[in-house]
Each structure stands twice: as structure tokens, then as C-alpha cells.
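Only the coordinates and a few stated rules stand behind these numbers; no lab work does. Note that the coordinates shown come from a computational prediction; the quantities given were computed from them, not determined experimentally. Reconstructed Cβ throughout: ideal geometry from the backbone, glycine too, with neighbour counts over all protein chains shown.
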Amino acid sequence: MNIVDTNNPIPKYLQIEDWLKQQIDLEIFKEGDRLPSEIELAQMCDVSRATLRQAVSSLVDSGILIKRKGIGTYVQSAQTIVELRHDVRKITSFKDCIGGKKIKEKTIVLNKEIITVDAAIRKTLALGTKNKVVRIERLRTGNGTAYVYEESYLPYRLFKDIVNYDLSGSLYKIVTLDFGVQLKRSTQEIKAVILDDRMVKFFDIPPQSPGFLMKNITFDQFDTPVELMISYCRGDRYSLELELNEYQLS
């Protein structure tokens, strides 16, 4: 039986997508299996390599397949195909986004240091004439997949000792329980961006991939800014969730 029916009005690459999905559903190609090479698949389907690439790229974008540079294309493990939802209506942590999903969370602390900052960050955190902050870089992962890069700036006068803590868990829990700071509200700015080279390396995704840039300013019980967080989220595994009120005629 031919994989691609040339008399079928459905585009060839879509027919190949459906065939590959069937092979995966039937476990002919199992989770973690390496697919035949691009040349072999193109010959099997009797199509050009360009058509074959179009089908494979679509399945990579859908999270069904994963390309490993210089190695090949693999069937993605089901446990890593998880999309996280970020509720923009409240202050949330990465753990909140995971919710009840069967995903093993891990936070990688990339760096924690005390630095001096420029006038823009000093103004954002209402530091006055002081310009020292604690800067924390973390990568939030689930089932071995990196989802979010976080860069937090905390006023040194309040959090100078936080560099001595294990920051591979909930930062907000430490801030609340150990430093007695209540996180009362947050302003959030979200932009769609093309991720730079550093971010795509963190996320192990193709260059020029889309993502979200989030800038959060969190305030305490005295309405004082206590954290500036700049986050980059991968666009293929992260979505934003919000609730809209009833439409009103103006």
C-alpha cells in the first residue's frame, strides 16, 4: 500500500503526518525510538525530501517528534509532552502552573549573587540612593524539559541572606516564611518575542523560536516593590490563561 496517494487532494505532507501518527499510535515507532533517516523516509513515502521535512517539522512543532542536532529525529516521550498554563489573574509560581500534572519538577540555580544595578532597576524597586540587589538566575524544568528562565532582582536590604538558602525550591515560599514578606500584588507585562541564542540553548529548541517575555514587579503588604522578575518562557510549551468579564455595550 502506498503511503502517499497522489490522487488524494489532501497535501502530501499531511498524508505523511497522518501516517507517522498512525505508526506511533500502533507502536511501530515507540516512545524514544529514532526514526529512519530523512532520505529513507522520503524514499518510503516516494516524495521529495522537502515534502518529508515539512511533515516532520509539523510533528516536531506539535511535540510528537523531537529533533536532536547531529543525531536524528526521535519519537517524543509522552511524559515530556506537557503544556503549562500560566494564570495571569494572580501571583503564581512554576509549581502552580504544573498543578496536578504528572510531571517531575526541577529547578536549576544558574547563579546567585549580590550586584549593583542601574538607575532603571533602582527606580523599579524603589531603592532610593542604594543600588545593591540580590540577583538570582534559575531554569525551571519538568521531566527534563526546560520551560522557563527566570531572573529575579531582590532588594539587598531585605534579602541579603537569601544567597545562603537552597533556591532550588519555591522562592516565594522562602520569601514568605523565612523573611516574613507577604506578596500582596503584582504588575505584569507580557510580550511575544523571538528568543535569543542564549534562551534557545537553555530550552534546546531551534534558533529564532518564539516565546514570551514576562516582566513582573511584586509588592509586599506595605505596597513596597520587593521583587523584579524577568522571565522568558518557551512558546511551544507555555500558554497564558485569563478570565474575561461579560461584554458590555458602550
Exercise. Can you put 129, 224 in order of Cβ neighbours within 10 angstrom, beginning with the fewest?
Key: 129, 224
Quiz item: When the chain is modelled as a GNM with alpha-carbon springs shorter than 10 Å, which of 213, 26, 171 fluctuates the most?
Solution: 26
Practice problem: Springs between alpha-carbon atoms under 10 Å, Gaussian network over the chain: tell me which of 167, 177, 20 tops the mean-square fluctuations. | Solution: 177
Exercise. Sort 205, 114 so the one with the fewest other Cβ atoms within 10 Å of its own Cβ comes first.
Key: 114, 205
Quiz item: Whose amide H sits under 5 Å from the amide H of residue 35, counting only residues 5 or more places off or on another chain, with H placed in the peptide plane?
Solution: 73, 74, 75
Self-check item: Within the chain, helix-based [θ] at 222 nm, where runs of 4 or more DSSP H residues each add -39,500 (n - 2.57), nearest 500
Solution: -7000 deg cm²/dmol
Self-check item: the chain - convex hull of the alpha-carbon atoms, volume per residue in Å³
Solution: 192 Å³
Quiz item: What's the exposure ranking of 179, 212, going from fewest to most Cβ atoms within 10 Å?
Solution: 179, 212
Quiz item: Pick from 125, 228, 158: which is most flexible by mean-square fluctuation in a GNM of the chain where alpha carbon atoms under 10 Å apart are linked?
Solution: 158
Practice problem: Calculate how steeply helix 49-61 sits against the longest principal axis of the alpha-carbon atoms of the chain, using the helix alpha-carbon long axis, and give the answer as 0 to 90 degrees to the nearest 10. | Solution: 40 degrees
Quiz item: Where the Cα atoms of region 101-143 are projected onto their three principal axes, how long is each span, largest first, in whole Å?
Solution: 46, 19, 10
Quiz item: Whole-Hz Karplus ³J(HN,Hα) for region 153-170, in order, using 6.51 cos²θ - 1.76 cosθ + 1.60 and θ = phi - 60°, x for Gly and Pro?
Solution: 10, 10, x, 4, 4, 9, 10, 4, 8, 5, 5, 8, 8, 7, 9, 8, x, 7
